[in-house]
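Notes for the one structure printed next.
The values are calculated or read from the model by the stated rules, or taken from the named source; none is laboratory data. If you're wondering where the values come from, they're calculated on a predicted model, not measured in any experiment. Glycine gets a Cβ as well: all are built from the backbone with ideal geometry, and neighbour counts include every protein chain shown.
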Amino acid sequence: MTVNIILAPILTHMVTAVVLLFFWKKVQAQRLISVIGNILAFVFCCILFSLTWNLGPVTMHAGSWQPPYGISFISDTLSSVMALLAATAGLAVGIYSTVAIGHSRTKYGYFPIFHLLIMGLIGAFLTGDIFNLYVWFEIVIISSFVLLTLGGKRMQMEAAVKYIAMNMLASVIFLTAIGILYGITGSLNIADLGVKVARIENRGLVNVSALLFFIGFGIKSAVFPLYFWLPSSYHTPPSAIAAIFGGLLTKMGIYALIRVFTVIFSPDGFTTNLFIALAVATMITGALGAINKKSIRRMFSYLIVCHIGYLIAGLGLYTEIAFSGLVFYLIHDIIIKSNLFMMSGIIYKIRGSTDIRRLGGLYKDYPKLSFVMAIILFSLVGIPPLSGFWPKIYLIEEAIDQDLYVLLAAIIFASFITMILIAKIWAEVFWKDLPKPNPEEVDQFKPLPVMQKTALIVPVVVMAIISLYIGLNAEKILMVTDRISLEMLDSSLYIQAVLGP
Amino acid sequence: MELLLVVLVGLLYASGIYMMFRRSMVKLLLGLLLLGNGANILIFLMGDLAKGTPPIIGQAEKTFTGVYADPVPQALILTAIVISFGLQSFAIILLKKVYVSTGSDDLDSLNVQDLDI
């Protein structure tokens, strides 16, 4: 079914970014316009999701060029859920940024670039063309380069060199894979590729191309051994920027992996074993990396890596239950990771530090806020019945079914380390008495006007409520993820939606 | 011609990766440039080279007859060149700024922030 509303969220963000450029250096106007743009895009994503949920996959062919010749946009359940999550995180972080991002950064174009980043993400989730996906990826990474370096502190610059080198390398590898795939099939439409790749006799070239895709997306989604750029860059920009990076950028790589390895390639035993082995390594190294960190933002950066392992494991197990767990974890992870970084931003505002040795006494000074943060932290570990619990059960169940005890051990180990870290953060930041305060570390949160405090706290609280909802109403989320996992296993649904029966 | 391009692509990829492994920031940049060009020529090569046969349907005919040059890879390369131009100019400015703030061309001197965990 053809529906033009697929483009609405993308266009909304683009128009917002362009309008914002006309308000260069007018900080208040920019904040207002940005929030309006985010709300509109969120509404469009909700409409798109309900359309997709009720009518099945909807498509749009740019310029009415029939597939496989033109660029198609398709919103199946997975795409629309991802777009909705991107819009939700974008709205929350957008509201949070109106206070958390200072005047100087807002003056030099924070909001236009932020909207271009979200536009790129939503575009990547909705496109049905592999080269178009590459272009959306590039839009996202160039926007993220600017956001990462905006402000120009030395620490940010150093981090940006690593980030840019690895991401440009990933883009080149992705482009190489597209080139080879085009050479052997003569097509760029993902659905059409799904049909054509299955008929190719030269399996060697197909496998080379598949592994190049895996390396390219693997760098972007921080899979072992290519994740080192992530922990050395995500703690340097302001927390609002880190929130959107941590929540969505790596998940875009995971989404692309899911798309490529369910529609285009059907992994053989070697590839799924590779996924599982790398998932185990990612979980263990990520967890061990986080354990000796003293700054909470560095801990969270390593936890992003660690939890990417669960997602790769879900892809490696390659069954209906595992896919359901994978998508559930994806939903949970996007909400919780962006919220964690927003939370660390509030802690930084209150105490002027993110080093756990210098923090303390937060529960005594801000009991209600601490309660919200406790919900976020416990959801991250997945203490039942909070949101991280259900997908892990699915993954563990499937690991036992397939006799993959190493993977089972790694999942439990990573969860256990996460729990230790959360206990450590809770004890050090919230329960411990405040160490002798440094004169530079003053409470910048208390003197803020009520409006600004609200703008900082409301997104965090709402995201915490969403993760509570995910945990307590797991059967509703499972309805969505079960449908997605069926669509992932049976790629003919996706192919028919684009190419017609 | 094709063999020549194949060798060239291999050389560009190999030298690009080698340059990225060096410790100098300028060499890192050169490596990225070479890799980008290698990928572009690879796409060009994968679209089957055909000399002197543009993809234009003659007036007397309704459809394509015979061999013709595939226009899609050329459009892809054009897009990729524009994108890599933007990324590379950003990278050049960034590396210049890093050089000004650290006073060193050595990538290993960029680990100041990783020392305090």
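Among the criteria (1) buried (at least 21 other Cβ atoms within 10 Å of the Cβ); (2) more than 28 Å from residue A:305 (Cα to Cα); (3) away from chain B (no Cβ under 14 Å), the one residue A:210 does not fulfil is (2).
Every condition in (1) of a type outside the set (Ser, Thr, Tyr); (2) farther than 30 Å from residue A:346 by Cβ; (3) away from chain B (no Cβ under 14 Å); (4) crowded, with 22+ Cβ neighbours inside 10 Å holds for residue A:195 except the one numbered (4). Under the condition of being at pLDDT 90 or above and surrounded by fewer than 21 Cβ atoms within 10 Å (Cβ to Cβ), the residues counted in the stretch A:292-307 number 0. For the stretch B:19-32, the set of residues classified as exposed (fewer than 13 other Cβ atoms within 10 Å of the Cβ) and more than 22 Å from residue B:100 (Cβ to Cβ) consists of B:21 only.
When restricted to residues that are within 12 Å of another protein chain (Cβ to nearest Cβ), under 14 Å from residue A:173 (Cα atoms) and either of a type in the set (Phe, Trp, Tyr) or without any contact (Cβ under 8 Å) to a residue 12 or more places away in the chain (or both), the stretch B:11-30 contains 1. Taken together, the criteria place residue A:11 among residues that are surrounded by fewer than 23 Cβ atoms within 10 Å (Cβ to Cβ) and under 14 Å from residue A:126 (Cα atoms).
Residues are listed down the side, and each one gets a yes or a no for (1) more than 30 Å from residue A:199 (Cβ to Cβ); (2) within 18 Å of the chain's Cα centre (by Cα):
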{"residue": "A:223", "(1), (2)": "no, yes"}
{"residue": "A:233", "(1), (2)": "yes, yes"}
{"residue": "A:242", "(1), (2)": "yes, yes"}
{"residue": "A:246", "(1), (2)": "yes, yes"}
{"residue": "A:252", "(1), (2)": "no, yes"}
{"residue": "A:265", "(1), (2)": "no, no"}
{"residue": "A:268", "(1), (2)": "no, no"}
{"residue": "A:271", "(1), (2)": "no, no"}
{"residue": "A:291", "(1), (2)": "yes, no"}
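Restricting A:253, A:286, A:246 to those that are of a type outside the set (D, E, K, R), in contact with a Cys (Cβ under 8 Å, 6 or more places away or on another chain) and within 30 Å of residue A:456 (Cα to Cα) reduces the list to A:286. What about residue A:334, is it part of a helix (DSSP H, G or I) and in contact with a Leu (Cβ under 6 Å, 6 or more places away or on another chain)? Yes, satisfied.
Please find, within the stretch A:126-143, the residue that is surrounded by the most Cβ atoms within 10 Å (Cβ to Cβ) out of those that are more than 10 Å from chain B (Cβ to nearest Cβ) and more than 17 Å from residue A:182 (Cβ to Cβ). Only one residue fits best here, namely A:126. Taken together, A:397, A:428 contain a single residue that is of a type outside the set (Lys, Arg), surrounded by fewer than 18 Cβ atoms within 10 Å (Cβ to Cβ) and out of contact with any strand residue (DSSP E or B) (no Cβ under 9 Å at 6 or more places or on another chain), which is A:397.
Residues of the stretch A:232-288 that are surrounded by fewer than 21 Cβ atoms within 10 Å (Cβ to Cβ) and part of a helix (DSSP H, G or I): A:269, A:270, A:271, A:272, A:273, A:274, A:277, A:281, A:284, A:285, A:288. Against the definition (part of a helix (DSSP H, G or I), of a type in the set (Val, Ile, Thr) and farther than 27 Å from residue A:338 by Cβ), how does residue A:184 come out, yes or no? When the stated conditions are applied, residue A:184 passes them.
Taking each residue of the stretch A:452-471 that is closer than 21 Å to residue A:81 by Cα and looking for partners that are part of a helix (DSSP H, G or I) and of a type in the set (Gly, Ala, Ser) with beta-carbon atoms closer than 6 Å, six or more apart or interchain, yields A:459/A:92; A:463/A:92; A:467/A:379. Taking the numbered list (1) surrounded by 24 or more Cβ atoms within 10 Å (Cβ to Cβ); (2) closer than 16 Å to residue A:140 by Cα; (3) out of contact with any Asp or Glu (no Cβ under 9 Å at 6 or more places or on another chain) in turn, residue A:94 passes all entries but (2). Entry remark, the stretch A:149-183: residues being within 8 Å of chain B (Cβ to nearest Cβ) and aliphatic (A, V, I, L, M) number 13 in total.
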